[in-house]
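To start, the structure itself, in structure tokens.
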Amino acid sequence: MTFSFQRAKTTPFSPKILSWLLLMGVGILIGSCSSKNQTSTSKDKRPLVVFVTGDHEYSGESTLPIVAAELEKNYGMRTLVLKASPNQNSEENIPGLEALRDADLAVFFLRWRRLPKDQVAYIDEYLNSGKPVMGFRTSTHAFNYPKGHELEAWNAFGERAFGAPPGWGGAAKHSHYGHESTTDVSIIPEAAQHPILTGVDPNFHVASWLYRVLPDYPVKGTTWLLMGKSVNPNSQPAVDQPVAWTWQNPAGARVFMTTLGHPEDFQVEAFQRLVVNAIHWELGKPVPKNWKGKMDIQVPYRGIVN
């Protein structure tokens, strides 16, 4: 038996059709890549915590990045740490504040800044957004504009953002009990069941000298969590003062504020857990039941530069 093969007839595509097919193929390829990238981005549902640092004294630009790294490694968050430039003593520049527009939580550790109007506008926008706000220690006096400056009202940032005294000294007589003192911290019994205090030792000791905030601050409507007692104060009588509280600010945002924040405080596991818990609470996330363990934070106290 023999087989005969006959070559099939083919109809060549015209150059116009070939060009069209080529464009369609490229379009499908680009669309596929774009779709994959969009899918990849949309899958990242982790909350973004933006830390805004710039203080002359307490090394917040060194302690908070360690906390940020822990949040990324063990607690399912994205973080960004913004720093004063070119260093912590630079009072008039914190690059990157536009990132606050994407933040799910803003954490401030500032001291006596004089940022330009365009940078302050990003902070103002965030405070008006109703998104949660967190502050450490000298953020009560984050800004220090001279009298008559168009941004002078920002010297009261602490009151607006955290329900804290509106700046250092002044009518509120906001001050502390001396650099030779330290502080014993205890959980306020009425607040013991607050989620932020989950797993926090009921009594612990920190290096921070106790800030005076009473009698007019924290503002009405705050919930006090921790009380501080000055050890070896430079003046008597030394009145016990709240050192951590929550609040809902005028924009409806959750607020957590602590007047602690000395770099040696960050070595204390109870304080570390307080901070991690507070960040979760601020974001509306369950406070972690399984503590991932103490962070190794060995940052020296810088001291007052100016």
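The values are calculated or read from the model by the stated rules, or taken from the named source; none is laboratory data. Worth saying up front: this structure is predicted, and the values here are computed from it rather than measured. When we count neighbours, we look across all protein chains shown, and the Cβ atoms used for this are built from the backbone with ideal geometry, even at glycine. Each accessible area value is taken on the protein alone, full model and side chains, heavy atoms only, with ligands, DNA and RNA left out. Shrake-Rupley method; radii C 1.70, N 1.55, O 1.52, S 1.80 Å.
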Does the range 133-179 hold any residues that are charged (D, E, K, R), modelled with pLDDT of 95 or more and part of a loop (DSSP other than H, G, I, E, B), and which are they?
K147, E150
Of R212, R254, the only residue that is in contact (Cβ under 8 Å) with a residue 12 or more places away in the chain, among the charged types (D, E, K, R) and within 25 Å of G76 (Cα to Cα) is R254
Within the range 205-223, of all residues that are in contact with an Asp or Glu (Cβ under 8 Å, 6 or more places away or on another chain) and not in a loop (DSSP other than H, G, I, E, B), the one nearest to M257 (Cα to Cα) is V206
Yes or no: the range 101-120 includes at least one residue that is of a type in the set (D, E), touching a helix residue (DSSP H, G or I) at 6+ places or on another chain (Cβ under 8 Å), under 30 Å from K289 (Cα atoms) and not in a loop (DSSP other than H, G, I, E, B).
no
Among what's in the range 85-112 and is in contact with a Ser or Thr (Cβ under 8 Å, 6 or more places away or on another chain) and over 18 Å from M134 (Cα atoms), pick the residue that is surrounded by the most Cβ atoms within 10 Å (Cβ to Cβ).
Q88
How many residues does the range 243-274 hold that are within 26 Å of E159 (Cβ to Cβ), open to solvent by 20 Å² or more (accessible area, probe 1.4 Å) and in a loop (DSSP other than H, G, I, E, B)?
3
Test result for V185, under 15 Å from T259 (Cβ atoms) and either hydrophobic (A, V, I, L, M, F, W, C) or assigned to a loop (DSSP other than H, G, I, E, B) (or both)
yes
Residues that are closer than 20 Å to V206 by Cβ and out of contact with any strand residue (DSSP E or B) (no Cβ under 6 Å at 6 or more places or on another chain), drawn from the range 57-84:
E57, Y58, S59, S62, T63, I66, V67, E70
Sort out which residues of the range 297-306 are touching a helix residue (DSSP H, G or I) at 6+ places or on another chain (Cβ under 8 Å) and in contact (Cβ under 8 Å) with a residue 60 or more places away in the chain, and write them in order of number.
I297, V299
Can you tell me how many residues in the range 47-95 are within 14 Å of the chain's Cα centre (by Cα) and assigned to a loop (DSSP other than H, G, I, E, B)?
3
Of everything in the range 154-206, what is more than 27 Å from G284 (Cβ to Cβ), buried (at least 19 other Cβ atoms within 10 Å of the Cβ) and touching a residue at least 60 places away in the same chain (Cβ under 8 Å)? Give them in sequence order.
Y177, T183, V206
Please verify whether the range 275-295 includes one or more residues that are at pLDDT 95 or above, among the charged types (D, E, K, R), closer than 29 Å to R46 by Cβ and not in a loop (DSSP other than H, G, I, E, B).
yes
Have a look at M77, M134 and point out the one that is over 22 Å from W168 (Cα atoms), open to solvent by less than 30 Å² (accessible area, probe 1.4 Å), of a type outside the set (S, T, Y) and touching a residue at least 12 places away in the same chain (Cβ under 8 Å).
M77
Selection from the range 207-216 of residues that are open to solvent by less than 40 Å² (accessible area, probe 1.4 Å) and more than 25 Å from R273 (Cα to Cα):
none
